[in-house]
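The next block holds one structure in the form of structure tokens; read it before the comments.
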Amino acid sequence: MRIAPFRIAGIGCRPGTSMDLLATALQAAGGAQALATIPDRAPEVQPLATALDLPLHLVAVAGIDTPTQSPRILARFATGSVAEAAALAASRARGGRLIQTRRAFGPVTIAIAEVP
């Protein structure tokens, strides 16, 4: 019997993004068993994690190399993509890898990492 990989969704969003928009974006990205974001976005993402009963990893992303690069995000957060860096930071210690680079859903970006 094959066990499905554990998916972690790295989330980037604008301040004040609603839980409904976050939930819609997460569903469109294929869902996950855990969420990850930067501490600055905890006020937006924590309600979603609570509503879905998912663990939320608050991670530092500065200096994490990401497959995609946004000059604006690089200047502000010292990484090319908050979503990708958060997914990587939350999964790497357990051997995870990025399986989906960031996808934008309006004010939300989501990247997916899998842990075997």
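No lab work stands behind these numbers, since they all come straight from the coordinates. Because the structure is predicted, anything quoted here is derived from the model rather than measured. Cβ sites come from the backbone with ideal geometry, for glycine too, and all protein chains shown count toward neighbours.
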- Give the order of I112, I8 when sorted by the count of other beta carbons within 10 angstrom, beginning with the fewest. I112, I8
- Work out from phi, with θ = phi - 60° and the Karplus expression 6.51 cos²θ - 1.76 cosθ + 1.60, the ³J(HN,Hα) of each residue of the range 33-48, listed in order in whole Hz, and give x for Gly and Pro. 9, 7, 10, 9, 7, 7, x, 4, 9, 4, x, 7, 8, 4, x, 5
- Along principal axes, largest first, the alpha-carbon spread of the chain in whole Å comes out as 45, 29, 21
- Query: Roughly how many nanometres apart are two label points built 7 Å out from the Cα toward the Cβ at A28 and D65?
  - Reply: 3.1
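Which FRET efficiency, nearest 0.05, do D20 and D40 yield, Cβ-Cβ r, R0 30 Å? Intermediate values should be presented prior to the final figure.
Values: r = 20 Å, r/R0 = 0.68.
It comes to 0.90.
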- When the chain is modelled as a GNM with alpha-carbon springs shorter than 10 Å, which of V82, V59, V45 fluctuates the most? V59
- Using θ = phi - 60° and the Karplus form 6.51 cos²θ - 1.76 cosθ + 1.60, what ³J(HN,Hα) does each residue of the range 54-63 get, whole Hz, x for Gly and Pro? 10, x, 10, 9, 9, 10, 8, 10, 4, x
- Task: For I99, enumerate residues with amide H under 5 Å from its amide H, sequence gap 5+ or separate chain, H modeled in the peptide plane.
- Result: I112, A113, E114
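Using helices alone, I'd like the mean residue ellipticity at 222 nm for the chain: each DSSP H run of four-plus residues gives -39500 (n - 2.57), total over residue count, nearest 500.
Numbers: 4 runs with 38 residues, N = 116.
Computed ellipticity for the chain at 222 nm equals -9500 deg cm²/dmol.
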- Can you list the HN-Hα couplings for the range 22-27, worked out from phi with the Karplus curve (6.51, -1.76, 1.60; θ = phi - 60°), rounded to whole Hz and with x for Gly and Pro? 4, 5, 5, 5, 4, 4
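Antiparallel versus total DSSP beta bridges in the chain: what percent is that, nearest 5?
Values: 14 of 20 bridges.
Antiparallel bridges: around 70 percent, rounded to the nearest 5.
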